[in-house]
Amino acid sequence: MTAIPQERRVVTAIPGPKSLELQNRRTATVAAGVGSVMPVFAARASGGVVEDVDGNSFIDFGSGIAVTSVGSSAEAVVRRATAQLADFTHTCFMVTPYEGYVEVCEQLAELTPGDHPKKSALFNSGAEAVENAVKIARSYTKRQAVVVFDHGYHGRTNLTMALTSKNMPYKNGFGPFAPEIYRVPVAYGYRWPTGPQNAGAEASAQAIDEISKQVGAENVAAIVIEPLLGEGGFIEPAKGFLPAIAKFAKDNGIVFVADEIQSGFCRTGQWFACEDEGVVPDLITTAKGIAGGLPLAAVTGRAEIMDAPHSGGLGGTYGGNPVACAAALGAIETMRELDLVSKARRIEEIMKPRLKEMAEKFHVIGDVRGRGAMLALELVKDRDTKEPNPEATAALAKACHMEGLLVLTTGTYSNVLRFLPPLVIGEDLLTEGLDILEQALAGL
């Protein structure tokens, strides 16, 4: 590995000439439906920086959407994946199994919440994991209905588009979608009509009432929720909401699925976000941060539920690829050795007070929220009406990009700036990134 200086460096216009040349090649051959946040092309990345082909170095507040939590090219990930590449790249676990797959499942059984017997199945992407969790729940319960929540995001396959709330850009023009999907309210504290203090109790009561009356609890195979909603705007459900929904599921024989694809693996200052209120899911879906950047996903859960599908009912040619499994073992090794749970909490200690100070200075900020290294600003046109301000959000992100800070937007209303720095980022880079953000806010 070539060490990259952990510093911001802007040496050309953004984008630079080499990125512009690559953009022309991209336009000619890459489908227009594949978008990009940044106007530059990456050349190298490590720790808390991404370097482009023109030599510009960006402070990374995105981690490839919460994927490179251990940093890009983390030593243990590279070491283990390289060794596996030299041995074999593929046999298909369903044809000739291998130890790495089993080791990853053993680690997942140990790390995920709950002390009950657990099993896992490995896949390629978060959407695959969610889709398979639904398959497993339906097989186990012999029911069909699936309940999801306002502002939820679960993927881009046909079933997971049906589970996802936001139309643009995820669903528009791609229907018809899978049936037997029912959406109910979530405890979005900032926008709850009677205030955040009431959101947990009122939203859970409303959701349970709608499920009971409109679907029938006895028809529901699974309730699927992100313990900290990602693409919906980094919404942390108000306290009490998740435990109430989990209890309702347990009382009615419904499989409770925690979608931890964005929030899992130390990101929120705990191994998994559902631990915050002691919620133990029946099934948990993981991807993104699991393998240091290689494609891998998992469904982990109660052994009796995971064993419900018939032999051959779960799988996929590339699911649990041996190189990806080796990378996952390297990523988990890094998380343990560097105590990235504590690192995420330290990132919150540095970032959240600064973000709250900015909210006091700049009235375009309506809310500061999130946990660990999964933090966000919601931007509004007016604090009283809370009208979303997607225009300011896009302008703020662009201003940060031009100054060498990689940030991402999100939210049902496209008015949330989210922060997902690598958990190994230096504190000096965090502080410098926050300085750039504040300067950009001042320039709106």
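The values are calculated or read from the model by the stated rules, or taken from the named source; none is laboratory data. Predicted, not measured: the structure shown is a model, and the values here were computed from it. Glycine gets a Cβ as well: all are built from the backbone with ideal geometry, and neighbour counts include every protein chain shown.
Looking only at residues that are in contact with a Pro (Cβ under 7 Å, 6 or more places away or on another chain), crowded, with 20+ Cβ neighbours inside 10 Å and in contact (Cβ under 8 Å) with a residue 40 or more places away in the chain in the range 259-280, which one is farthest from residue 67 (Cα to Cα)?
Checking each candidate, the answer is 279.
Please go through the range 1-49 and pick out each residue that is in contact with a Pro (Cβ under 6 Å, 6 or more places away or on another chain) and under 26 Å from residue 81 (Cβ atoms).
Of everything in the range 1-49, those that are in contact with a Pro (Cβ under 6 Å, 6 or more places away or on another chain) and under 26 Å from residue 81 (Cβ atoms) turn out to be 40, 48.
Every residue in the range 206-216 that is closer than 20 Å to residue 240 by Cα and in contact (Cβ under 8 Å) with a residue 12 or more places away in the chain, please.
206, 207, 208, 210, 211
Going through the range 76-119 one residue at a time, which ones are closer than 22 Å to residue 280 by Cα and in contact with a Phe, Trp or Tyr (Cβ under 9 Å, 6 or more places away or on another chain)?
111, 112, 113
Filtering the range 1-58 down to residues that are among the acidic types (Asp, Glu) and in contact with a strand residue (DSSP E or B) (Cβ under 7 Å, 6 or more places away or on another chain), which residue is farthest from residue 433 (Cα to Cα)?
Ranking the qualifying residues of the range 1-58, first place goes to 52.
Tell me, please, whether a residue that is buried (at least 19 other Cβ atoms within 10 Å of the Cβ), farther than 26 Å from residue 387 by Cα and within 20 Å of the chain's Cα centre (by Cα) can be found in the range 165-181.
Within the range 165-181, none of the residues are buried (at least 19 other Cβ atoms within 10 Å of the Cβ), farther than 26 Å from residue 387 by Cα and within 20 Å of the chain's Cα centre (by Cα).
Where in the range 331-444 are the strands (runs of 3 or more DSSP E), entirely inside, with at least 1 residues that are among the polar types (S, T, N, Q) and crowded, with 19+ Cβ neighbours inside 10 Å?
Fully inside the range 331-444 and qualifying: 408-410.
Within the range 53-73, work out how many residues are crowded, with 21+ Cβ neighbours inside 10 Å and modelled with pLDDT under 95.
Matching residues across the range 53-73 total 1.
Among the residues that make up the range 256-269, is at least one of them more than 12 Å from the chain's Cα centre (by Cα) and within 19 Å of residue 347 (Cα to Cα)?
Checking the range 256-269: at least one residue is more than 12 Å from the chain's Cα centre (by Cα) and within 19 Å of residue 347 (Cα to Cα).
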